[in-house]
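The values are calculated or read from the model by the stated rules, or taken from the named source; none is laboratory data. Treat the numbers as computed from the prediction; the structure is a model and nothing was measured. Cβ coordinates were reconstructed from backbone atoms using ideal geometry, including for glycine residues, and neighbour counts include every protein chain displayed.
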């Protein structure tokens, strides 16, 4: 995942680095040099930026209080200022890179603004690595968008049984397959699962989830095609209570957020079964619309977490960033293929670190 | 269905219309707005850059022909380049043919297969469908159910795991004029599945290989289309789920990548929701120039002669009876919003409340109107307090509901009246190109 974005980020980072290096050289030679120290020493440093990995490590760890304040606090003896115009070219590269990776327009704007604010006008101590400054700015920006992440197993353990998880989303994003995968994932972690075949609209949907249930050895509660999904899911919850089952996974029919009636139906399901967790499922290949529909779903029926499917199709994964930015909810899983095992918990920190780690 | 892309493009052009001088600055601003609109619609980034460069270059370098102002000329260039972007018109022949459906998982291949089967069936051809999706559980049940609904032959075997075998048997078994092969969803990085579709293409000697793409598809569309095209030479694209808020820009990029055109557009969950695609109309609608041709077709297809008189409506003679018929027709014709998008509104704003009436409400209105007399329906002006009370009692509705209906009627009437007077600004400009003369 994120391979292309990684390459892009790397090249942008390099460009930013060069720009800032040049700027630094200039500043050494001219006005920004602080009078208290001689210029030969910093010049020498700036010409050989490579041997500074240790400060970078420590900086990364201290990332928490936010880049801007941290830099300010570090600045004591020597500093120089990064001006907006010095990095504008690189930022426009970054913009194209994000857009090409399917990061939606609004999310791209947010990331750029953040990086720009962090970098421009920030004062940097000459001794620190340029690389660290940029890495931190980008990493902060991305993390601020992706959020903290959540551990599904911890969440389940903290809830009363049966834990009810409802899957929603537009048509064709892979809800039913995701339900099967999550069921498989949870049973592998020693939990018992029952599935409610809540997609009563699409022809063949009940058969589809039924076959999954059979293959995974799980109980699937189903009614006829065209019946009320709330009733199906209610029955599933009752079944789980009676049989002491840990988790109920509720599948639903795909629906577009601009269909008032269908959204009302979803609201009814929500009222009837009172889910502990609403998982919104969307696909990695979606473009700008990902933002619009995530916002609409979030507004009308709410969502607590996001699952991104078909990541194997689009390894750029920009949709993850778009959706997270739009609704501010954590991504819990990504789906990476057609098999039951093709599912991965999503950890923003690891992903961002990977994105920004060295060469692509 | 075109949502914001249309609005954004229209805004960009409106801005241009308001400019006194069309100079480099004005053109650059226009191009920037266009870029934004297209990028937000998921059109491929590289393509957007290319397109905007062309528009800029042509606008600044080309000398407008005699009698055409610089502004009109720029508009014309934008129009032409956008039409160019959506590709040529694909003619659907009505004859013996085999169609191979290809696409990513969850793009709507099976639903679209059924819709196309219905399309050909309606045109009087015998149609057979082969279900070559051997992977997804329930796929056969799905297509079988849909085929039964439109009374089309369907061949498949949920127990068989070899798609090639099913297709070979199906080709022997089905003797229909139009054979549609629905395949399993796959993406370009799955080599085995790509090989499978290459084999299926050879086996069936398919006349057409149509790529089904989700309107929400983003930047990845172009790459996926390229790989599919390399494998089986895609000769048409079908954009699905255009009833959501997605703009289909990714699919447009796929079209230009494959050098094909858009054949159909899927815009709804029921089996009738399939539109034949005409690039000219599409762009016209996009730019708010209206698509009278499509509206006429739609009206003809879904409404019996005495049902609705569009001309009378536009001339401001809009009675409650018209509204009643309209509400009835709405079910057949699709939502009012969609219908309105076909009218040449130019930059005109239609009040959102006029189109945002849910189907439940429509049904209530219909029931209330059932309790009205002919006089009241033909001349709503006679409605007074006592009449309103009688209607409310008759329909089992509250007084507020009846009043709300009347309010809604008045707003609709005003809207339609305005439509007629809405030919201003850009609309007049476009007329000069002879588009609607």
Can you name the residue in region B:255-268 that is over 15 Å from the mean Cα position of the chain (by Cα) and over 14 Å from residue B:232 (Cα atoms) and is also modelled with the lowest pLDDT among such residues? B:256
Quick check: anything in region A:78-100 within 14 Å of another protein chain (Cβ to nearest Cβ), modelled with pLDDT of 75 or more and assigned to a loop (DSSP other than H, G, I, E, B)? no
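Mind checking which residues of region B:207-221 are surrounded by 24 or more Cβ atoms within 10 Å (Cβ to Cβ) and either at pLDDT 90 or above or in contact with a strand residue (DSSP E or B) (Cβ under 8 Å, 6 or more places away or on another chain) (or both)? Let's see the steps before the verdict.
Pass one, region B:207-221, residues surrounded by 24 or more Cβ atoms within 10 Å (Cβ to Cβ): B:209-221.
The answer is B:209, B:210, B:211, B:212, B:213, B:214, B:215, B:216, B:217, B:218, B:221.
Take the conditions within 22 Å of residue A:226 (Cα to Cα) and not in a helix (DSSP H, G or I) and apply them to residue A:199. Does it pass? Quick ask: steps written out before the conclusion?
Details: within 22 Å of residue A:226 (Cα to Cα): yes; not in a helix (DSSP H, G or I): yes.
In short, yes.
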Criterion violated by residue A:349 - all others in (1) closer than 12 Å to residue A:147 by Cβ; (2) at pLDDT below 80; (3) in contact with a strand residue (DSSP E or B) (Cβ under 9 Å, 6 or more places away or on another chain) satisfied: (3)
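So, in region A:170-196, of the ones that are part of a loop (DSSP other than H, G, I, E, B) and either more than 14 Å from chain B (Cβ to nearest Cβ) or over 31 Å from the mean Cα position of the chain (by Cα) (or both), which residue ends up nearest to residue A:337 (Cα to Cα)? If you could, list the steps in order and put the result at the bottom.
So the first thing to find is which residues in region A:170-196 are part of a loop (DSSP other than H, G, I, E, B), and the list is A:170-174, A:189-192.
Now narrow it down to the ones that are either more than 14 Å from chain B (Cβ to nearest Cβ) or over 31 Å from the mean Cα position of the chain (by Cα) (or both): A:189-192.
Numbers: A:189: 20, A:190: 23, A:191: 23, A:192: 24 Å.
The selected residue is A:189.
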Please pick out the residue among A:220, A:232, A:237 that is surrounded by 17 or more Cβ atoms within 10 Å (Cβ to Cβ), closer than 24 Å to residue A:268 by Cβ and in contact (Cβ under 8 Å) with a residue 60 or more places away in the chain. A:237
Which of the residues spanning region B:243-259 are surrounded by 24 or more Cβ atoms within 10 Å (Cβ to Cβ) and within 12 Å of chain A (Cβ to nearest Cβ)? B:244, B:246, B:247, B:248, B:249, B:250, B:251, B:252, B:253, B:254
Looking at residue A:350, is it free of Cβ contacts under 8 Å to residues at least 12 places away in the same chain, more than 14 Å from chain B (Cβ to nearest Cβ) and farther than 30 Å from residue B:226 by Cα? yes
Considering only residues of region A:208-225 that are within 11 Å of chain B (Cβ to nearest Cβ) and over 32 Å from the mean Cα position of the chain (by Cα), which is modelled with the lowest pLDDT? A:225
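Quick one: would you say residue A:202 is buried (at least 21 other Cβ atoms within 10 Å of the Cβ) and at the interface with another protein chain (Cβ under 10 Å from one of its Cβ atoms)?
Values: buried (at least 21 other Cβ atoms within 10 Å of the Cβ): yes; at the interface with another protein chain (Cβ under 10 Å from one of its Cβ atoms): yes.
Here the answer is yes, as residue A:202 does meet what is asked.
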Would you point out the residue of region A:293-312, among those that are facing chain B (nearest Cβ under 10 Å) and crowded, with 24+ Cβ neighbours inside 10 Å, that is farthest from residue B:250 (Cα to Cα)? A:309
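At least 2 residues that are within 30 Å of residue A:281 (Cβ to Cβ) in each: list the helices (runs of 4 or more DSSP H) lying fully within region B:55-162 that qualify. Outline the logic, then answer.
On the way: elements: B:70-85, B:109-122, B:139-149.
Where helices (runs of 4 or more DSSP H) fall fully within region B:55-162 and carry at least 2 residues being within 30 Å of residue A:281 (Cβ to Cβ), they are B:109-122, B:139-149.
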Would you be able to tell me the number of residues in region B:232-251 that are out of contact with any strand residue (DSSP E or B) (no Cβ under 8 Å at 6 or more places or on another chain) and either outside the structural domain of residue B:188 (by TED's automatic domain parsing) or more than 19 Å from residue B:110 (Cβ to Cβ) (or both)? 3
Hey, could you check region A:313-346 for residues that are in contact with a helix residue (DSSP H, G or I) (Cβ under 6 Å, 6 or more places away or on another chain), part of a loop (DSSP other than H, G, I, E, B) and facing chain B (nearest Cβ under 9 Å) and say which is surrounded by the fewest Cβ atoms within 10 Å (Cβ to Cβ)? A:315
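Take region B:223-241 and flag every residue that is more than 10 Å from chain A (Cβ to nearest Cβ), part of a strand (DSSP E or B) and crowded, with 24+ Cβ neighbours inside 10 Å.
First, pick out the residues of region B:223-241 that are more than 10 Å from chain A (Cβ to nearest Cβ): B:225-239.
Subset that is part of a strand (DSSP E or B): B:236-239.
Matches in region B:223-241: B:237, B:238, B:239.
Filter region B:211-222 for residues that are more than 7 Å from chain A (Cβ to nearest Cβ) and closer than 15 Å to residue A:283 by Cβ and give the result. Working first, answer last.
Initial filter on region B:211-222 (more than 7 Å from chain A (Cβ to nearest Cβ)): B:211-213, B:215, B:221-222.
The answer is B:212, B:213, B:215, B:221.
Being more than 10 Å from chain A (Cβ to nearest Cβ), in contact (Cβ under 8 Å) with a residue 40 or more places away in the chain and closer than 30 Å to residue B:21 by Cα is true for just one of B:118, B:71. Which residue is that? Quick ask: steps written out before the conclusion?
Working: B:118 fails: closer than 30 Å to residue B:21 by Cα.
Only one candidate passes the filter, namely B:71.
Matching residues to (1) over 19 Å from residue A:104 (Cα atoms); (2) over 14 Å from the mean Cα position of the chain (by Cα):
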site	(1), (2)
A:266	yes, yes
A:277	yes, yes
A:284	no, no
A:292	no, yes
A:316	no, no
A:321	no, no
A:331	no, no
A:335	yes, no
A:342	yes, yes
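Out of all the residues in region A:256-282, which are farther than 18 Å from residue A:231 by Cα and facing another protein chain (nearest Cβ under 9 Å)? I'd like the intermediate steps shown before the answer.
Going residue by residue through region A:256-282, those that are farther than 18 Å from residue A:231 by Cα are A:256-260, A:277, A:279-282.
Residues satisfying the conditions are A:256, A:257, A:258, A:259, A:260, A:282.
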Listed residues B:197, B:166, B:180; which is assigned to a helix (DSSP H, G or I), in contact (Cβ under 8 Å) with a residue 60 or more places away in the chain and either farther than 24 Å from residue A:199 by Cα or within 14 Å of another protein chain (Cβ to nearest Cβ) (or both)? B:197
Checking residue B:95 against (1) under 26 Å from residue B:225 (Cα atoms); (2) over 22 Å from the mean Cα position of the chain (by Cα); (3) surrounded by fewer than 22 Cβ atoms within 10 Å (Cβ to Cβ), which single condition isn't satisfied? (1)
More than 9 Å from chain A (Cβ to nearest Cβ), in contact with a helix residue (DSSP H, G or I) (Cβ under 9 Å, 6 or more places away or on another chain) and in a strand (DSSP E or B): does that describe residue B:262? yes
